[in-house]
Number of protein chains: 2
Amino acid sequence: MSAIKFELKHICKQTGARYGILETPHGSFETPIFMPVGTQATVKGLSPEELKSMDAEIILSNTYHLWMRPGEDLIEEAGGLHQFMNWDRSILTDSGGFQVFSLSGTRKIEEEGVHFRSHIDGSKRFLTPEKAVDIQQALGSDIMMQLDECTPYPAGKIYVKNSLERTTRWLERCLNHQTTSNKQALFGIIQGGMYPDLRKQSAREIIAFGTPGVAIGGLSVGEPAVEMYRMLDVIQPLLPEHKPHYLMGVGTPHHLFEGVLRGIDMFDCVWATRLGRNGAAVTSIGQVTVRNATYARDFSPLDPNCDCYTCKNYTRAYIRHLIKADEIFGLRLTSYHNLYFLINLMKQIRMAIQNDCFGDLFMDFKKQFDSQRR
Amino acid sequence: MSAIKFELKHICKQTGARYGILETPHGSFETPIFMPVGTQATVKGLSPEELKSMDAEIILSNTYHLWMRPGEDLIEEAGGLHQFMNWDRSILTDSGGFQVFSLSGTRKIEEEGVHFRSHIDGSKRFLTPEKAVDIQQALGSDIMMQLDECTPYPAGKIYVKNSLERTTRWLERCLNHQTTSNKQALFGIIQGGMYPDLRKQSAREIIAFGTPGVAIGGLSVGEPAVEMYRMLDVIQPLLPEHKPHYLMGVGTPHHLFEGVLRGIDMFDCVWATRLGRNGAAVTSIGQVTVRNATYARDFSPLDPNCDCYTCKNYTRAYIRHLIKADEIFGLRLTSYHNLYFLINLMKQIRMAIQNDCFGDLFMDFKKQFDSQRR
């Protein structure tokens, strides 16, 4: 029996976008959904209560970071990641692979796994498909990911082909190693770079394992957006209709819309929180870089069309002051708004899908969002 | 008519400690009270709602910092400090003098005021008693402080005498300049260093002006604690019984008890929040430096006897992880607990005064608080 249950409830007649319900051991929620990222067992600057107040239903946490610090054994001893971080809703963990490839300077990929050095203490480490499963089982996430190689952009075709075939073999090893399939769902990951035929090959191979959900990796890694959309177009017809489709690491408003249009049900991205920590807000009228001097005496809210805690109570002038004065509360306020914005956007998207007018929403959104672009 | 109203409700039969009610234009609260410090129009890391959830009734904000950034004119334009920072309870502002003396490297004191350079942009500034009043009137605090000189420790007697006499003259200028006495109370400040006769002289001079409250400055500036207590003992008999007594910049648990014992009604201090940001907690069993390795696998709360948000939901191990990983949420959790601890301690103190057993509470507290001291 699978640890999760996915029900496809409606397909938008205007666009084919999907609306569904996903149930995990820690709750049930509607899709398409955006998952805030809690890298180190915390969504930067925000409390679990604040995340709940904006209706966050599932967060992503990073296996690599927790493995390095504080260590998955400590978290297991604490009763698992949910209890450790006081988050009783759903958690998805990645496999650690992405950070091994992006954070550690020197790394060596073999069939058996990846050798690398910790970015914290320089110690030698070895990540295998089995180890990735072990760590995620200790963390106790609701959804875990297979170890894969996220091929960089650009990459040669032979490299990408070898890499995706290894990713397929690694999925098999992950599945063979997993002992918690009744409590944790394990997703396979489609790779294949920017090569349509390789994307198809990977999709067929990964989907054949029948994992309870299917992820698409290796996109939004520096390629032009149209390339990403083209890859999604290639993959979409192959995806299992009655399983959730997760597009990894994608989360700007435009990309969310484009992904939903192509049958994606789950998204995660650090973009919104990172933007907030850099003193900028994503709003219904585009990006507002509130740390700029132009907002010094602007006593209006970050987003004129938002009813979040930040926008109801604070002005751009105040938030700018906090950011200029290096006050943590400024980052809290922008991060809160930015996540609220994306989560609320997904609510509107789900509503529009159910009402068969997702295409209209997309067009209206673009018009308003890009209106201030200079 | 005064902007504030103070009612002395009870004097502890065991100790002489005072319990009262202080009413400002933004609310009424019991004394003795601890005021969290919101230096730059924010109590570092915490939201107004969090401060309210721990029953903070009045906060202190720093005139110097707000004058330098974002500027008192901007805050006035925002509708005053309360509205700017979304805090509708009481605010006390200092005069800016303390920071001029402690933050700016070069400064020159004259009868007219103090010349100094901004610690932010190095610009030349001049703070006079009149300017201190102007800024605080623009901020719109409930209680404002006269410009004084906080004499350093140690300081020669002639210097201290000249200084305190100038502080007296500055109080007169502040009062002559103030135009908002029906909306803002202006407190005089007793100086006099560590010289009993000078403290008495200053107390007599300052109290003679009949300000609605009286502050004691220049203590907790590096002197041995017994010196501070001795000065308070000298001043106490001279203080007006039916006005609030404010001991500036004091706020460790022991000092709060010792101050209350000597008739103090109001306290402020950055100690608790600074301690929190440094990864340590003040608890009923003493200081817990939670960032230390000894707490890595300690799955108990910061304080075994605390029911605050932090202690109810998070372990020392989790908080230590956040601090080691430079996660803001760790500072939020320790800061929250530390302020809650002091505010809750003051509640217990007020209760004990009303029950004529403040001395017993003090003894019990010391026993438990110092129990872990090694």
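The values are calculated or read from the model by the stated rules, or taken from the named source; none is laboratory data. Computed from a predicted model, the values in this text were never measured in an experiment. We place every Cβ from the backbone using ideal geometry, glycine too, and count neighbours over all the protein chains shown. Note: areas computed on protein heavy atoms with side chains; ligands, DNA, RNA excluded. Shrake-Rupley method; radii C 1.70, N 1.55, O 1.52, S 1.80 Å.
Three principal axis extents, largest first, for the C-alpha atoms of chain A, in Å?
Ordered largest first, chain A gives principal extents of 59, 49, 40 Å.
Please identify, among A:LYS124, A:LYS157, A:LYS52, the residue showing maximal mean-square fluctuation in a Gaussian network model of chain A using a 10 angstrom Cα cutoff.
Taking springs between Cα atoms under 10 Å, the residue moving most is A:LYS124.
Mind pulling the angle between the C-alpha long axis of helix B:157-177 and the longest principal axis of chain B? Nearest 10 degrees, somewhere in 0 to 90.
80 degrees
What ranking of B:TRP67, B:TRP271 comes out by heavy-atom accessible area, probe 1.4 Å, highest first?
From most exposed to least exposed: B:TRP271, B:TRP67.
Can you give me the angle between helix B:358-369 and the longest principal axis of chain B, using Cα atoms only, in degrees from 0 to 90, rounded to the nearest 10?
50 degrees
Where is the GNM fluctuation largest for chain B (alpha-carbon springs, 10 angstrom cutoff): B:ILE190, B:ILE206, B:ILE323?
Result: B:ILE323 has the largest fluctuation of those listed.
Against the globular-protein guess of 2.2 N^0.38 Å, express the Cα radius of gyration of the protein assembly as shown as a ratio, rounded to two decimals.
Numbers: Rg = 30.1 Å, N = 748, 2.2 N^0.38 = 27.2 Å.
So the Cα radius of gyration is 1.11 times the expected 2.2 N^0.38 Å.
Any idea of B:VAL37's accessible area? Nearest 10 Å², probe 1.4 Å.
Estimated to the nearest 10 Å², B:VAL37 gives 10 Å².
What ranking of B:MET228, B:MET363 comes out by heavy-atom accessible area, probe 1.4 Å, highest first?
Result, largest first: B:MET363, B:MET228.
Out of the total accessible area of the range B:238-374 (probe 1.4 Å, heavy atoms of protein only), what percent is carbon and sulfur?
Percent of accessible area from carbon and sulfur atoms in the range B:238-374: 48.
Specify the residue with the greatest mean-square fluctuation among A:ASP265, A:ASP326, A:ASP73, computed from a Gaussian network of chain A linking alpha-carbon atoms under 10 Å apart.
A:ASP326
Run the 1.4 Å probe and let me know the accessible area of A:GLU111, rounded to the nearest 10 Å².
So the heavy atoms of A:GLU111 present about 80 Å² to solvent.
Net charge within 9 Å of A:ALA3 by Cβ-Cβ distance, Lys/Arg positive one each and Asp/Glu negative one each, not counting A:ALA3 itself? Walk me through the numbers before you get to the answer.
Working: positive: A:LYS5, A:LYS183; negative: A:ASP142.
So the surrounding residues net to +1.
Over the Cα atoms of the range B:1-152, Rg to Rh with Kirkwood Rh, two decimal places?
1.01
If you keep only loop residues by DSSP, which GluC sites (Glu not before Pro) in the range A:207-303 have at most 13 other Cβ atoms within 10 Å of their Cβ?
Sparse-neighbourhood loop GluC sites (Glu not before Pro): A:GLU241.
As a test, work out the antiparallel percent of DSSP beta bridges whose residues both lie in the protein assembly as shown, rounded to the nearest 5.
Around 50 percent antiparallel, to the nearest 5.
Which net charge results for the neighbourhood of B:GLU111, defined as the other residues with beta-carbon distances under 9 angstrom from its beta-carbon, given Lys and Arg at +1 and Asp and Glu at -1? Spell out each step's value before the answer.
Working: positive: B:ARG166, B:ARG169; negative: B:GLU110, B:GLU112.
Net of charged neighbours comes to 0.
Tell me, what is the percent relative contact order of chain A, built from C-alpha pairs under 8 Å that lie six or more residues apart?
18 percent
Ignoring ligands, DNA and RNA, what percent of the accessible area of the range A:84-199 is carbon or sulfur (1.4 Å)?
Carbon and sulfur together cover 52 percent of it.
Given a Förster radius of 60 Å and the C-beta distance between B:PHE299 and B:GLU111 as r, what FRET efficiency does 1/(1 + (r/R0)^6) yield to the nearest 0.05?
It comes to 0.50.
In a solvent-free Debye calculation with one equal scatterer on each Cα, what is log10 I(q)/I(0) for the range B:63-186 at q = 0.19, 0.21 Å⁻¹, listed in the order of the q values?
Computed log10 I(q)/I(0) values: -1.04, -1.22.
Which pairs in the list A:LYS312/A:LYS347; B:LYS13/B:LYS243; B:LYS161/B:LYS200; A:LYS347/A:LYS367; B:LYS183/B:LYS243; A:LYS124/A:LYS161 are over 22 Å apart, alpha-carbon to alpha-carbon?
Over 22 Å Cα-Cα: A:LYS124/A:LYS161.
Please list, ordered by chain and number, the residues whose modelled amide H lies under 5 Å from the amide H of B:GLY45; skip anything fewer than 5 residues away on the same chain.
HN-HN under 5 Å from B:GLY45: A:ILE328, A:PHE329.
Just to be sure I understand the interface: list residues from the range B:35-49 that lose 40 Å² or more of accessible area between the chain on its own and the complete protein assembly, 1.4 Å probe.
B:GLN40, B:THR42, B:GLY45
Could you state how much accessible area is buried at the B-A interface, both sides summed, with a 1.4 Å probe, in Å² to the nearest 100?
3300 Å²
Hey, any idea what the orientation-averaged projected area of the convex hull of the range B:23-90's Cα atoms comes to, in nm²?
So the Cα hull casts an average projection of 4.6 nm².
Please work out the Cα center distance from the range A:129-188 to the range A:309-374, rounded to the nearest Å.
Here the two parts' Cα centres lie 34 Å apart.
Please work out the average accessible area per residue across chain A, using the 1.4 Å probe convention, and give it in Å².
37 Å²
If Rh is defined by the Kirkwood formula over all Cα pairs and Rg also comes from Cα, what ratio Rg/Rh do you get for the range B:238-306?
Rounded to two decimals, Rg over Rh is 1.13.
Report the relative contact order of the range B:1-76, percent, no decimals, based on alpha-carbon pairs under 8 angstrom and at least 6 residues apart. Intermediate values should be presented prior to the final figure.
On the way: 82 pairs, mean separation 15.8, N = 76.
Contact order relative to length: 21 percent.
Tell me the angle of helix A:129-139 to the major Cα principal axis of chain A, expressed in degrees between 0 and 90 and rounded to the nearest ten.
50 degrees
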